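*Asks:* Just dropping this structure here.
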Amino acid sequence: MTHRRILRRVLILLALLVTLPLLASGVSVATQEHPHWSASRWDSTGLAPDPAITPDAVVQVYAARLWGWRGVFAVHTWIVAKPAGARQYTRYEVVGWGRPALRVSNRIPDGYWAGNPPALLRDIRGPAAAALIPRIAAAAAGYADREDYITWPGPNSNSFTAHVARELPELGLQLPPTAIGKDWLGTGRLLAPAPSGTGWQVSLFGLAGVTVAMREGLELNLLGLTIGIDILHPAVKLPGLGRLGLPLAPGETTG
């Protein structure tokens with residue numbers, strides 16, 4: 001078999017791995033009801049512990065599908081933190097309306113995102129969470145793209161969450177393959193730790209790159225879309241559909 005034929009087959013395989021999952025995701029999104037975002041649910045899902053009865057420090061990370069057609073491709077991610085004894089959460093996220101794009105607020109920590117329920121990615125409590133909270137605030141304050149939001153390829157909400165994760169490898173965060181923008185490293189950086197802190201990634205402006213890490217496994221970034229395989233917790237990662245395989249628990253940590 002000639003090198004040209006091998007290359008052709010690889011390209012065809014990659015095209016199928018991108019288009020077929022996106023078509024399946026598109027059908028799934030199209031068959032759901034989508035009221036206007038202003039009429040959609042934004043209330044609590046009950047995933048965050050009630051601060052009135054939870055004295056311990058809490059750090060959680062969430063991801064929810066975007067509203068409308070963008071939900072075919074991507075999720076929005078955010079981080080919430082509650083110090084020990086606090087009666088409310090602080091929510092850290094980047095949004096696409098208004099400036100600055102980075103918002104630090106007391107919004108509902110675990111709310112629906114334009115009608116889409118969030119998934120809990122990380123759940124850390126007690127002393128481990130207490131140690132992370134001031135560092136999360138410092139990482140947010142040092143985020144270079146705090147004024148900017150670019151849906152694709154970044155910087156966007158997922159670029160911010162990935163930035164915080166890289167600054168705090170103890171967070172142990174593995175972002176979903178649908179977190180488009182997580183591979184944005186900035187305009188002057190090609191190499192960085194993987195968001196989980198267990199490996200490395202090379203990325204060209206978030207448009208093309210490779211991640212090799214213990215938690216993420218092997219990920220190939222094509223135009224912001226992720227194709228990959230997780231060996232530690234067997235699964236494949238596909239555009240639109242996300243992770244297919246053994247589920248990842250949010251891993252509540254209390255120490």
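*Asks:* When you go through Gly186, Gly181 one by one, which is the residue that is assigned to a loop (DSSP other than H, G, I, E, B) and either of a type in the set (S, T, N, Q) or modelled with pLDDT of 95 or more (or both)?
*Replies:* Gly181
*Asks:* So, Arg99, is that one in contact (Cβ under 8 Å) with a residue 24 or more places away in the chain and on the phi < 0 side of the Ramachandran plot or not?
*Replies:* yes
*Asks:* Could I ask something else about it? Could you check region 184-198 and list, in sequence order, the residues that are out of contact with any strand residue (DSSP E or B) (no Cβ under 6 Å at 6 or more places or on another chain) and either among the β-branched types (Val, Ile, Thr) or within 13 Å of Glu219 (Cβ to Cβ) (or both)?
*Replies:* Thr187, Pro195
*Asks:* Now, a different point. Among (1) at pLDDT 95 or above; (2) of a type in the set (S, T, N, Q); (3) touching a helix residue (DSSP H, G or I) at 6+ places or on another chain (Cβ under 6 Å), which single condition is Thr253 missing?
*Replies:* The single condition Thr253 does not satisfy is (1).
*Asks:* A follow-up question, please. Filter region 144-164 down to the residues that are within 14 Å of Arg122 (Cβ to Cβ) and free of Cβ contacts under 8 Å to residues at least 40 places away in the same chain and list them by number.
*Replies:* Ala162
*Asks:* Provide a single number: the residues in region 152-165 that are within 15 Å of Trp78 (Cα to Cα) and either surrounded by fewer than 20 Cβ atoms within 10 Å (Cβ to Cβ) or of a type in the set (Phe, Trp, Tyr) (or both).
*Replies:* Residues meeting the conditions: 1.
*Asks:* Determine the pairs where a residue that is within 11 Å of Leu238 (Cα to Cα), located within region 4-25, has a partner that is in a helix (DSSP H, G or I) and not charged (D, E, K, R) with Cβ atoms under 6 Å apart, the partner being 6 or more residues away or on another chain.
*Replies:* Final answer for the pair search is Ser25/Val72.
*Asks:* Something else about it: List every residue pair whose Cβ atoms sit under 8 Å apart, with the two residues 6 or more apart in sequence or on different chains, where the first one lies in region 204-223 and is in contact (Cβ under 8 Å) with a residue 60 or more places away in the chain and farther than 17 Å from Ala165 by Cα and the second, anywhere, is outside any strand (DSSP E or B) and of a type in the set (A, V, I, L, M).
*Replies:* Leu222/Leu14; Leu222/Val18; Leu223/Leu207
*Asks:* Here is a further query. Quick one: count up the residues across region 197-207 that are modelled with pLDDT of 95 or more, of a type in the set (Gly, Ala, Ser) and within 23 Å of Phe73 (Cβ to Cβ).
*Replies:* Residues in region 197-207 being modelled with pLDDT of 95 or more, of a type in the set (Gly, Ala, Ser) and within 23 Å of Phe73 (Cβ to Cβ): 1 in total.
*Asks:* Going by the conditions given, is Thr77 touching a Ser or Thr at 6+ places or on another chain (Cβ under 6 Å), touching a residue at least 12 places away in the same chain (Cβ under 8 Å) and among the polar types (S, T, N, Q)?
*Replies:* Criteria met by Thr77.
*Asks:* What number of residues in region 224-254 are closer than 16 Å to Phe73 by Cα, touching a strand residue (DSSP E or B) at 6+ places or on another chain (Cβ under 7 Å) and in contact (Cβ under 8 Å) with a residue 60 or more places away in the chain?
*Replies:* Within region 224-254, residues that are closer than 16 Å to Phe73 by Cα, touching a strand residue (DSSP E or B) at 6+ places or on another chain (Cβ under 7 Å) and in contact (Cβ under 8 Å) with a residue 60 or more places away in the chain number 5.
Okay, residues lined up against (1) under 22 Å from Leu244 (Cα atoms); (2) crowded, with 17+ Cβ neighbours inside 10 Å; (3) at pLDDT 90 or above:
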| site | (1), (2), (3) |
| --- | --- |
| Arg4 | no, no, no |
| Pro21 | yes, yes, no |
| Thr31 | yes, no, no |
| Ala39 | no, no, no |
| Ala48 | no, yes, yes |
| Val58 | no, yes, yes |
| Gly68 | no, no, no |
| Gly85 | no, no, yes |
| Ser105 | no, no, yes |
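*Asks:* Hey, could you check region 21-70 for residues that are among the aromatic types (Phe, Trp, Tyr) and more than 11 Å from Gly115 (Cα to Cα) and say which is farthest from the chain's Cα centre (by Cα)?
*Replies:* Out of the qualifying residues, it is Trp69.
The values are calculated or read from the model by the stated rules, or taken from the named source; none is laboratory data. Just so it is clear, the structure is predicted and the values come from calculations on it, not from any experiment. Cβ: placed from backbone, ideal geometry, glycine included. Neighbour counts: every protein chain shown.
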